[in-house]
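Read the structure below first, then the notes.
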Amino acid sequence: MKLKSIFFTLFIATYLPLILFTKIPFFIKTLFTLNFLVLAVMTYYYLYRDKKFAPILSSYIVFNFLFFLIAPMLQVHNVYVTENLNLPTKLVYNDYLIIKTNILVLLFNIVFFVFYRYFNAIKNKVVSYKKNKNLPFHIIVFFFLSIVIFILNFSHIQSEYLNSNYFDLEGTSKSSLLIREKIILMVPFMAFIMAIGYLRITKKSKNYYYILFVTILLLVLVLLIKNPLTEKRNALGPIYITLIFLLLPRLLNTNFKILVFLFMSMIIVFPTISLITHSGYSLEQLVNNPKLFLKKANEHGITNTFTSLNYDAFINFSASIEYAEKNSLSYGRQLSGGLFFFVPRKVWENKPISSGEFIGNYLRDNYGDKYSFTNLSNPYVSEGYLNFGILGIIMFAILLAFFMSRMTNWVNGNDPLKKAASFYAAIHLIFFLRGDFTNGFAFLFATFIVILVIPKLYFSLFKRVDYENYK
């Protein structure tokens, strides 16, 4: 209890300098503070009142605190201090836009929290998980399938190590890369989840040690296929943190632990990685001369991280508001491109581009030049507004509350695959909320296919009753 109180006090104290020392107009600062108070109430409920383990709510809190409070407040402060009206995305600063964005974020947070508590209060029927006596055999099957996948995709994986970004590979469409990266090459991850689940419910025996050995090999495969050289950090985070949860559950098995972990990761680890990535020095140079890192840290500081494009979610929401007011709402057109991401452009020629790119093009055409960066984020709340206005804000908040309450039920259940899928979704939520919707939804949908749908289809072939509770 003392540690919770210390953390909650620090949580409040972290916001105080933003009130006291930032050069932001009083009314705008008041709106930011109202959003903070809603978030503080949510955090208090999460730490002291919520009896369910709900890692997904911790992601929601962390995202809103960093992307919708700290980052935009520092960006607005920077505008008034430097008197440079250009925000990181080239959007020209406007008090009205910041005010309206804050009001809509406040509306979204209130609606979300009310319905999250409502859905969370509904008692759900607990479906018992029945142990499969032949599960070791099936794990071995998926292990060998993983080996085959690794061998058949070895040249692709090798090229990823050389290119460091699978979207940069030539001669391959994004759709086929999504299928390969997020479905085929995620099979070893799914097999590892299944193996860990077996080890946790089985007494030590011959089969136990066989599967333990297979589990270690599967972990090696996952690390070979999914690592910083082959994956973007926003995709790698959910995989690695889920691995930690599966291997060392006591580290992250309470609301307090996971909230502290995510805050530390996003405030310290993420900015540090970003600083290394954009330092201009090679990893070898930084290792041989650590003073170079300290030099860059002194030059840029942690606050500069929050005024960079990595934290552009709030101002991209502002840009979406400006676009909708100058033009019109999309009335579901932009959303359709995300929901039907799997339809190739060869089939759907006028398929909408992602909302992040859509708003990026708008900013380039109105405020930038042909060299402007257009592959921007566009937060989930902005997607709701861009499609349906204020009604979209309310609808998207309710849908998110329902989804998150569902994931909370799964993570507290006893089905190992649903538990792992829901924990993965909890960490992925930060990327999903930041946007854009198309990429966030496509990546999560593909991962659910691997972890939930493929095993269900496989076990249905063998008519195993222990997986009949998959829905």
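The values are calculated or read from the model by the stated rules, or taken from the named source; none is laboratory data. Quick caveat: nothing in here was measured; it's all calculated off a predicted structure. Neighbour counts run over all protein chains shown; Cβ positions are idealised from the backbone, glycine included. SASA here: full protein model, heavy atoms, side chains in, ligands and nucleic acids out. Shrake-Rupley method; radii C 1.70, N 1.55, O 1.52, S 1.80 Å.
A few points about this structure:
- Among the residues of the range 185-219, those that are open to solvent by 50 Å² or more (accessible area, probe 1.4 Å), at pLDDT 90 or above and closer than 27 Å to A446 by Cα comprise I216, L217.
- Given (1) part of a helix (DSSP H, G or I); (2) farther than 25 Å from F402 by Cβ, number of the condition K23 does not satisfy: (1)
- So I6, is it in a helix (DSSP H, G or I) and surrounded by fewer than 17 Cβ atoms within 10 Å (Cβ to Cβ): yes
- Selection status of K182, of a type in the set (D, E, K, R) and at pLDDT below 85: no
- Helices (runs of 4 or more DSSP H) enclosed by the range 63-159 - at least 1 residues per element that are in contact with a Leu (Cβ under 9 Å, 6 or more places away or on another chain), among the small types (G, A, S) and open to solvent by less than 50 Å² (accessible area, probe 1.4 Å): 135-152
- Residue in the range 370-380 that is buried (at least 17 other Cβ atoms within 10 Å of the Cβ), in a helix (DSSP H, G or I) and under 24 Å from the mean Cα position of the chain (by Cα) present: yes
- Condition met for R364 (under 24 Å from the mean Cα position of the chain (by Cα) and either under 25 Å from F112 (Cα atoms) or open to solvent by 10 Å² or more (accessible area, probe 1.4 Å) (or both)): no
- The number of residues in the range 233-286 being assigned to a helix (DSSP H, G or I), modelled with pLDDT under 70 and among the aromatic types (F, W, Y) comes to 1.
- The residue list V79, V105 contains one member that is closer than 17 Å to A401 by Cα and of a type in the set (V, I, T), which is V105.
- Scanning the range 420-461 for residues that are farther than 30 Å from F137 by Cβ, of a type in the set (G, A, S) and in a helix (DSSP H, G or I) gives A426, G440, A442.
- Within this structure, T22 fails the test of being open to solvent by 50 Å² or more (accessible area, probe 1.4 Å) and of a type in the set (S, T, N, Q).
- Put simply, of I19, I6, I28 the only residue that is over 16 Å from I267 (Cα atoms) and touching a residue at least 60 places away in the same chain (Cβ under 8 Å) is I28.
- Hits in the range 94-123 (condition: within 20 Å of A324 (Cβ to Cβ), touching a helix residue (DSSP H, G or I) at 6+ places or on another chain (Cβ under 7 Å) and not polar (S, T, N, Q)): D95, L97, I98, I99, K100, I103, L104, V105, L106, L107, F108, V111
- Cβ-Cβ distances below 6 Å connect no pair with a first residue in the range 240-257 that is free of Cβ contacts under 8 Å to residues at least 12 places away in the same chain, a second residue that is surrounded by fewer than 16 Cβ atoms within 10 Å (Cβ to Cβ) and not in a helix (DSSP H, G or I), and a separation of six or more residues or different chains.
- Residues of the range 402-421 satisfying the condition of being under 17 Å from R250 (Cα atoms) and not aliphatic (A, V, I, L, M): N412, G413, N414, P416, K419
- Some residue of the range 161-179 being open to solvent by 10 Å² or more (accessible area, probe 1.4 Å) and either touching a Gly at 6+ places or on another chain (Cβ under 8 Å) or modelled with pLDDT of 80 or more (or both): yes
- Residue within the range 83-94 that is under 30 Å from A420 (Cα atoms) and touching a Phe, Trp or Tyr at 6+ places or on another chain (Cβ under 9 Å) present: no
- Per-region count, the range 363-377, residues at pLDDT 75 or above and hydroxyl-bearing (S, T, Y): 3
- Single residue of D436, D415 found to be charged (D, E, K, R) and in contact with an Asp or Glu (Cβ under 8 Å, 6 or more places away or on another chain): D436
- Here the range 325-361 is the region considered, the condition is being part of a loop (DSSP other than H, G, I, E, B) and among the hydroxyl-bearing types (S, T, Y), and the residue that is surrounded by the fewest Cβ atoms within 10 Å (Cβ to Cβ) is S328.
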